[in-house]
1. Quick one: if you take sqrt(5λ) for each eigenvalue of the C-alpha gyration tensor of the range 41-114, what semi-axes come out, biggest first, whole angstrom?
2. Taking the highest mean first, how do the peptides 33-46, 100-113 order by number of other beta carbon atoms within 10 angstrom per residue?
Amino acid sequence: MWLVGGTCVWCVAAWRAQPGPALEEQPADVPPEPAEPVHTDTEIYTSAVEHLRELIGDRNGVHLTEVLADWQSRGWVGQVPAAELGRQLQRRGIPVRASLKVSGAVGPGVHRDDLPAAAEPLPEATSLAVG
């Protein structure tokens, strides 16, 4: 009797110790695939240009330190130096000037004339009677 009960307990324990089907299908030496990026490069570029325009406002440009402080407060970039932010902006096609004077201070930054022109709607065409 004890032998039958012990055998049943041992079978249940062995069954519970087996890995599930999801673990059996994936080999241990293959790393998991990276997740797809949330935003495309075009979306990132467009958003960065729009936000740089907002930071510039009516000034002639914005310093990288100001951009970095604002973007870090929003959680868009981590703890990187301003020089690295400038390199990343240049890689994305946004020119960074080494010397830019804004509000009496000089430093590296983005000038408003270096940003691409903002998309403006075409003026409405008036219809004229031909004839």
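Where a number appears in this text, it was derived from the coordinates with a stated rule and is not lab data. These figures come from a predicted structure and were not determined experimentally. All Cβ positions, glycine included, derive from the backbone under ideal geometry; neighbour counts span all protein chains shown.
1. Each semi-axis is √(5λ); the values are 17, 14, 12 Å.
2. 100-113, 33-46
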